[in-house]
Structures are given as C-alpha cells and as structure tokens.
Amino acid sequence: MAIATTLDPGARVTSAYRSRAEQTRLYRRFLAGLSKYPVAPPGRSKHEQGRALDIVARGDVLRRLGAMWQQAGGRWGGERDPIHFDA
C-alpha cells in the first residue's frame, strides 16, 4: 500500500477478505445494477479465500499498480475491474 499512497495519497484498500454472506450481499447488489464494478458469485470469489483485495485510487495509479502486480505474478482486473487485485 505504501507505493499506492505515495502515488495517490487518497488511495485506500476498500475490501480484502469477505465472508460468504458479504459476498452474497455484494453479488445481489451487482445483479440489481447497484455496483459500479463486477462482483463474482458467492463461492467463486478470491475475496472469500483471502486472496484478493480492492484498491480505490486514481485511474493512472491503478493502471501502474496493475502492471506492477502482474509483473510480480498476480492478476489484475484490468479496465473491466481496475480496483481488483488477486493472487
């Protein structure tokens, strides 16, 4: 997170581990059109495994972090889900 906040002082992690109940709630909001970003169905999210996090930051910062994350072997959500990072 230090790199993110150096590039964008307002950057913050908004989600990491999620319970099944939390994932279900977020997925229902997504299906109802109330989510700006995609949400995986319950049981299919890396958040439920503790292997994902969402970061809110400026778009240029997310793209830079995404490139760095992928270079390190992680998976970034790209333009479709730019806040999502998982391992």
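Would you please name the residue that is surrounded by the fewest Cβ atoms within 10 Å (Cβ to Cβ), looking only at residues in the stretch 38-61 that are of a type in the set (A, V, I, L, M, F, W, C) and within 10 Å of the chain's Cα centre (by Cα)? Among residues in the stretch 38-61 that are of a type in the set (A, V, I, L, M, F, W, C) and within 10 Å of the chain's Cα centre (by Cα), the one surrounded by the fewest Cβ atoms within 10 Å (Cβ to Cβ) is VAL56.
State all residues of the stretch 17-37 that are under 30 Å from LEU7 (Cβ atoms), part of a loop (DSSP other than H, G, I, E, B) and more than 14 Å from the chain's Cα centre (by Cα); if no residue qualifies, say none.
LEU34
Contact map, the stretch 13-34: first residue under 21 Å from PHE85 (Cβ atoms), second residue open to solvent by 70 Å² or more (accessible area, probe 1.4 Å), Cβ cut-off under 7 Å, separation 6 or more or different chains; pairs are VAL13/MET1. When the criteria are applied in full, TYR17 meets the requirement of being at pLDDT 95 or above, open to solvent by 70 Å² or more (accessible area, probe 1.4 Å) and among the hydroxyl-bearing types (Ser, Thr, Tyr).
The residues of the stretch 1-12 that are within 21 Å of GLY78 (Cβ to Cβ) and either open to solvent by 70 Å² or more (accessible area, probe 1.4 Å) or in contact with a Gly (Cβ under 9 Å, 6 or more places away or on another chain) (or both), listed by number, are MET1, ILE3, ARG12. A residue that is outside any helix (DSSP H, G or I) and among the acidic types (Asp, Glu) occurs nowhere in the stretch 40-53.
Of the residues contained in the stretch 23-31, none is found to be open to solvent by less than 70 Å² (accessible area, probe 1.4 Å) and on the phi > 0 side of the Ramachandran plot.
The values are calculated or read from the model by the stated rules, or taken from the named source; none is laboratory data. Keep in mind the model is a prediction, meaning the values are calculated, not measured. Counting neighbours? That spans all protein chains shown, and the Cβs are built from the backbone with ideal geometry, glycine included. When the accessible area is computed, the model is the full protein with side chains, heavy atoms only, and any ligands, DNA or RNA have been set aside. Shrake-Rupley method; radii C 1.70, N 1.55, O 1.52, S 1.80 Å.
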